[in-house]
Amino acid sequence: MVERFTGSFTQQGPIPETGIAAALDVLRHGRLHRYNVTQDEAGEAALLEEEFAAFIGARYCLAVTSGGYAMATALRAVGVQPGDRVLSNAFTLAPVPGAIAAVGAAPVFVEVTDQLTIDLDDLAAKADQADVLLLSHMRGHICDMDRLMEICRDANVTVVEDCAHTMGGSWRGVASGRHGIVGCYSTQTYKHMNSGEGGFLVTDDAEIAARAIMLSGSYMLYARHRASPPAEAFEQIKYETPNMSGRMDNLRAAILRPQIAILADQCERWNARYRALEDGLRGVPGLTVIERPNDEYYVGSSFQFLLPGWGPAAMEAVVAGCLDRGVELKWFGAPEPAGFTSKYSSWTYANPAPLPVTDRVLAGLLDMRVPLTFSVEDCQLIARIIASEVTRAQEAGLAAE
Ligand SMILES: *Cc1c(COP(=O)(O)O)cnc(C)c1O
């Protein structure tokens with residue numbers, strides 16, 4: 001019998017009932033704008049920021065319209081100017097170089113390793129080319145953050161973290177987003193909290209926080225924030241900083257607040273599914289599972305594996321064979337960008353230089369989403385399907401092409 005999977009790779013779980021109830025309250029009173037509050041009301045957006053700051057252990061937090069907006073705002077707030085260069089991962093998703101472009105800056109792409117993290121030797125070699133690194137913890141893979149911070153300290157490079165795939169993750173006990181000067185998160189539907197669209201940035205730096213709040217469109221209402229620096233921090237900044245509207249609203253904040261309390265649990269649920277995939281695929285001939293370091297607490301909301309040295313025909317055969325059986329894999333080496341997947345060489349506006357290591361890694365890289373609507377048994381079934389399709393392509397002699 002040929003096994004098939006019938007679940008949806010894009011179906012996330014529901015919003016918690018408490019979030020639905022809170023959203024209905026906001027809809028009933030009608031004060032959706034974050035600064036539209038009554039005398040003794042903080043507002044959902046301000047409370048969300050306060051609660052997320054406490055959860056992640058940061059002094060300041062700003063909630064905004066998207067993860068991409070959080071990153072662009074962070075870059076502006078740390079002082080990136082049009083024409084500057086910003087170091088970033090070659091292996092990431094389009095909103096990351098997009099955030100650099102939004103500021104009028106140009107990315108300097110750094111190679112990826114076989115562990116799918118930023119190549120620290122290549123970073124060290126390029127560190128003199130920019131003052132800022134926008135570090136993307138792409139697909140939840142966290143590099144040796146101690147060494148990365150050392151390289152960046154030595155080269156005077158400011159680190160801004162893109163934690164779209166590591167919200168809830170950590171390196172040696174330090175939460176992802178708390179190594180760099182600013183941590184950015186996304187609450188878009190496919191990430192670890194779901195408000196449709198949305199994002200956060202966190203920092204301990206009062207000046208950066210004040211700039212980010214002004215940039216997000218606070219007008220002179222910044223005192224209505226709670227996870228924010230005192231009014232003195234805004235004294236000059238309020239004149240110097242343009243308003244680039246990107247505020248979180250009370251409706252989405254109401255949906256998000258109860259999701260903070262369940263995040264740690266959700267991460268464990270993702271990891272149980274991730275381990276089922278890992279167990280089912282480790283040892284399949286021709287296939288390499290990405291071994292995760294003990295220092296990393298990852299969130300397995302997506303799964304990657306390598307078919308090292310396989311040619312395009314073999315990669316396409318595996319993708320097609322799996323899709324036929326209901327398993328949606330994304331191939332990062334495909335010549336044409338498709339769906340949510342594009343790679344550095346297709347971002348031609350950034351004029352990317354060729355990166356041979358990244359090309360080699362991406363040529364053999366397959367990726368899939370793991371929504372929490374999948375059970376652990378579903379993941380065992382998915383692993384069996386992938387294993388059999390990889391074996392079939394291997395036995396057909398395709399892999400050697
Ligand atoms: C989703 C994503 C973002 C930001 O996403 P938004 O859709 O703007 O919230 C940033 N980086 C990575 C790697 C992402 O996948």
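The values are calculated or read from the model by the stated rules, or taken from the named source; none is laboratory data. Just so it is clear, the structure is predicted and the values come from calculations on it, not from any experiment. When we count neighbours, we look across all protein chains shown, and the Cβ atoms used for this are built from the backbone with ideal geometry, even at glycine. SASA here: full protein model, heavy atoms, side chains in, ligands and nucleic acids out. Shrake-Rupley method; radii C 1.70, N 1.55, O 1.52, S 1.80 Å.
Could you pull out every one of the aspartates and glutamates with an alpha carbon less than 13 Å from that of LYS238, ignoring same-chain neighbours closer than 8 positions?
GLU207
Would you work out what percent of the accessible area of the range 229-269, with all protein chains in place, is carbon or sulfur (probe 1.4 Å)? Numbers along the way, then the final one.
Details: 1060 of 2040 Å².
Carbon-and-sulfur percentage of accessible area, whole number: 52.
Kindly give the semi-axes, whole Å and largest first, of the ellipsoid equivalent to the range 192-258, taking each as the square root of 5 times a Cα gyration tensor eigenvalue.
Values: eigenvalues 106, 30, 22 Å².
Semi-axes, largest first: 23, 12, 10 Å.
Loop only by DSSP, 15 or fewer other Cβ within 10 Å of the Cβ. Give me the GluC sites (Glu not before Pro) in the range 8-63 that pass, ordered by residue number. All intermediate terms of the calculation are to be shown ahead of the outcome.
On the way: sites: GLU17, GLU41, GLU44, GLU49, GLU50, GLU51; in loops: GLU41.
Passing sites in the range 8-63 are GLU41.
List the lysines whose Cα lies under 29 Å from the Cα of LYS330, skipping any in the same chain that are fewer than 8 positions away.
Output for LYS330: LYS191, LYS343.
Might you work out the accessible area of VAL202 for me, using a 1.4 Å probe with all protein chains in place, and round it to the nearest 10 Å²?
Roughly 0 Å² of VAL202 is accessible to a 1.4 Å probe.
Could you give the dipole magnitude of the range 17-257 about its Cα centre, charging the beta-carbon of Lys and Arg +1 and that of Asp and Glu -1, in debye to the nearest 20? Display every interim value, and only then the final one.
Working: 20 positive and 30 negative charges, 141 e Å.
Taking the Cα centre of the range 17-257 as origin, the dipole is about 680 debye.
Taking every pair of alpha-carbon atoms in the range 122-223, what share in percent sits in each 5 Å bin, from 0 to the bin with the longest distance?
Values per bin, smallest distances first: 3, 12, 20, 21, 19, 14, 7, 3, 0.
Only Cα pairs under 8 Å and at least 6 apart count here; give the relative contact order of the chain as a rounded whole percent. List each step's numbers first, then the result.
Numbers: 819 pairs, mean separation 87.3, N = 401.
For the chain, the relative contact order is 22 percent.
Based on the mean of other Cβ atoms within 10 Å per residue, sort peptides 257-263, 22-28 so the most packed one is first.
Per-residue mean Cβ counts within 10 Å order the peptides as 257-263, 22-28.
Among GLY196, MET244, VAL159, flag the residue with its Cα farthest along the positive direction of the charge dipole of the range 129-257, charges on Cβ as +1 for Lys/Arg and -1 for Asp/Glu.
Ranked along the dipole, the leading option is GLY196.
First obtain the Kirkwood hydrodynamic radius of the range 190-331 from its Cα pairs, then insert it into the Stokes-Einstein equation at 10 °C and 1.306 mPa s, and state the resulting D in µm² per second as a whole number. Before the final figure, lay out each step's value.
Values: Rh = 19.4 Å.
Roughly 82 µm²/s, to the nearest whole number.
Give the cross-link partners of LYS126 among the aspartates and glutamates, using a straight C-alpha distance below 12 Å as the criterion and excluding same-chain residues fewer than 8 apart.
GLU111
Could you order the peptides 272-279, 80-87 from most to least packed, using the average number of other C-beta atoms within 10 Å per residue?
Numbers: 272-279: 18.6, 80-87: 16.9.
Output ranking for 272-279, 80-87: 272-279, 80-87.
If a/c stays under 1.5 just call it rounded; otherwise compare a/b with b/c (prolate if a/b is bigger, oblate if not). Do that for the range 263-400, with a ≥ b ≥ c from the square roots of the Cα gyration tensor eigenvalues. Write down the numbers at each step before the final one.
On the way: a/c = 1.74, a/b = 1.21, b/c = 1.44.
Cα axes put the range 263-400 in the oblate bin.
Can you give the Kirkwood hydrodynamic radius for the range 322-381, in Å, rounded to one decimal and based on Cα pairs? If you can, show how the numbers build up before the last one.
Values: mean 1/r = 0.0739 Å⁻¹.
Mean inverse Cα-Cα distance, inverted, gives 13.5 Å.
Among ALA74, ILE20, VAL86, whose Cα sits farthest toward the positive end of the charge dipole of the range 1-90 (+1 at Cβ of Lys/Arg, -1 at Cβ of Asp/Glu, about the Cα centre)?
The one lying farthest along the dipole's positive direction is VAL86.
How much area per residue is accessible in the chain when the probe is 1.4 Å and only protein heavy atoms are counted (Å²)?
Numbers: 16380 Å² over 401 residues.
For the chain, the solvent-accessible area averages 41 Å² per residue.
Let me understand the range 32-74 better: what is its radius of gyration from the alpha carbons, and its Dmax, in angstrom?
Rg and Dmax of the range 32-74, Cα atoms, are 11.7, 33 Å.
Give the peptides 113-120, 136-143 in descending order of average Cβ contacts within 10 Å, highest first. Walk me through the numbers on the way to the answer.
Numbers: 113-120: 20.5, 136-143: 25.8.
Ranking the peptides 113-120, 136-143 by packing returns 136-143, 113-120.
Based only on Cα atoms, what Rg/Rh ratio does the chain have, Rh being taken as Kirkwood's radius? Please list the in-between numbers first.
Details: Rg = 21.6 Å, Rh = 21.9 Å.
Rg divided by Rh gives 0.99.
Relative contact order (percent) for the range 315-401, with alpha-carbon contacts under 8 angstrom and 6 or more residues of separation?
For the range 315-401, the relative contact order is 37 percent.
Using protein chains only and a probe of 1.4 angstrom, how many square angstrom of TYR35 are accessible, to the nearest 10?
Looks like 10 Å² after rounding.
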